[in-house]
Amino acid sequence: APSPRPRESFPLRPALGDLVNLERYPIGDLRSAEGRALVEKARSDLAATGCASFPCFLMEAALSDAVAEATAAAPSAFATDDTHNAYQLSTDAKLGPEHVRNKQMRTRVASTACDELDSSRAIRALYASDELLGLVKAITGKNAHRLADPLGAASINVFRSGWAHAWHYDESEFTVTLSLVQAAEGGAFEFTEPLRRSVDDLAFETTAAVINDHSEYAVEPAGAACPSVRTAPFAPGTLQIFAGRTSLHRVSEVKGERLVAVYCFSDIEGFVNSPEVQRMFWGRAVRPDR
Ligand SMILES: O=C(O)CCC(=O)C(=O)O
Ligand SMILES: [Fe+2]
């Protein structure tokens with residue numbers, strides 16, 4: 001059941017200005033000079049580094065509401081403890097288990113599904129805003145739709161002490177996250193510049209170099225120079241857009257609790273994750289009504 005809402009400060013039907021710091025991020029009018037400058041800077045950061053960050057994106061009352069809702073829901077989030085290779089692909093029998101294509105690395109994370117969040121509160125209200133969608137389209141230069149997935153459209157990643165998300169590339173081209181609660185220690189979102197030109201480009205040498213230089217795992221092929229690995233700013237209320245399909249990224253081991261809202265967009269209208277993917281991340285499968 002949705003958690004009781006602290007009604008003192010946050011409106012039931014929030015306007016864009018209740019959610020987003022429009023003075024700093026005028027996303028209501030991307031054609032203004034300030035709006036164009038914002039988009040240009042984000043586009044160049046995304047292309048050059050793999051990630052564009054917007055610190056202090058949320059208004060203070062919206063951030064309090066988001067943190068309260070995510071924190072209340074976190075204890076019952078479905079937890080996964082799994083291993084995967086960096087490409088999140090099934091094993092290639094032509095290559096050995098120590099090859100970067102196949103090396104299994106451990107990820108532990110829990111996720112609060114979209115249908116466990118209140119659609120009128122800050123987390124889902126921001127996801128529902130056409131201005132956020134417009135920002136994502138303008139920065140990525142792609143057509144983008146919100147997902148129709150009742151579980152995965154907007155969810156919360158929950159990390160507990162000792163948990164981490166190992167180095168990987170995402171299935172979706174871009175992912176948008178909103179920092180909510182910072183780990184007491186660790187829990188850094190680390191990412192490389194885009195390393196691949198397409199999903200067929202597996203970039204074995206550079207991918208292996210990052211894993212060898214920045215994790216407890218040792219993979220083949222060894223010896224290539226490691227590309228630069230950056231850490232995203234994580235002050236609560238920071239929005240970021242990253243090129244998850246081409247930029248290798250991870251969440252380092254966490255001490256304490258770390259909460260991040262994950263907003264998914266797709267170039268396909270009405271996209272829903274498969275029942276298999278839903279079961280893996282949320283422990284159940286739910287198809288949209290209609
Ligand atoms: O928790 C995060 O900051 C993002 C984690 C991630 O890479 C993912 O969920 O695919
Ligand atoms: Fe990811």
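The values are calculated or read from the model by the stated rules, or taken from the named source; none is laboratory data. Everything quoted here is computed from the prediction, not taken from an experiment. Please note: Cβ atoms are built from the backbone with ideal geometry, for glycine as well, and neighbour counts cover all protein chains shown.
Can you say whether Val260 is under 25 Å from Ser215 (Cβ atoms) and either within 13 Å of ligand 1 (Cβ to nearest atom) or outside any strand (DSSP E or B) (or both), as far as the supplied structure shows?
Values: under 25 Å from Ser215 (Cβ atoms): yes; either within 13 Å of ligand 1 (Cβ to nearest atom) or outside any strand (DSSP E or B) (or both): yes.
Here the answer is yes, as Val260 does meet what is asked.
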Does segment 213-234 contain any residue that is closer than 19 Å to Ala70 by Cβ, in contact with a helix residue (DSSP H, G or I) (Cβ under 8 Å, 6 or more places away or on another chain), touching a residue at least 40 places away in the same chain (Cβ under 8 Å) and not in a helix (DSSP H, G or I)?
no
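Considering only segment 121-149, state which residues are part of a loop (DSSP other than H, G, I, E, B) and either closer than 14 Å to Val39 by Cβ or not basic (Lys, Arg) (or both). Quick ask: steps written out before the conclusion?
Step one: filter segment 121-149 for residues part of a loop (DSSP other than H, G, I, E, B), giving 121, 128-129, 141-144, 147-149.
Those that are part of a loop (DSSP other than H, G, I, E, B) and either closer than 14 Å to Val39 by Cβ or not basic (Lys, Arg) (or both): Ala128, Ser129, Gly141, Lys142, Asn143, Ala144, Leu147, Ala148, Asp149.
Only one of these is assigned to a loop (DSSP other than H, G, I, E, B), among the charged types (D, E, K, R) and modelled with pLDDT of 95 or more: Arg5, Arg43, Arg101, Arg13. Name it.
Numbers: Arg5 fails: modelled with pLDDT of 95 or more; Arg43 fails: assigned to a loop (DSSP other than H, G, I, E, B); Arg13 fails: modelled with pLDDT of 95 or more.
Every option except Arg101 fails the conditions.
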Looking only at segment 193-214, count every residue that is in contact with a strand residue (DSSP E or B) (Cβ under 6 Å, 6 or more places away or on another chain) and among the polar types (S, T, N, Q) and tell me the total.
0
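Out of curiosity, is Gly237 over 17 Å from the mean Cα position of the chain (by Cα), surrounded by fewer than 22 Cβ atoms within 10 Å (Cβ to Cβ) and at pLDDT 95 or above? If you could, list the steps in order and put the result at the bottom.
Values: over 17 Å from the mean Cα position of the chain (by Cα): no; surrounded by fewer than 22 Cβ atoms within 10 Å (Cβ to Cβ): yes; at pLDDT 95 or above: yes.
No, not satisfied.
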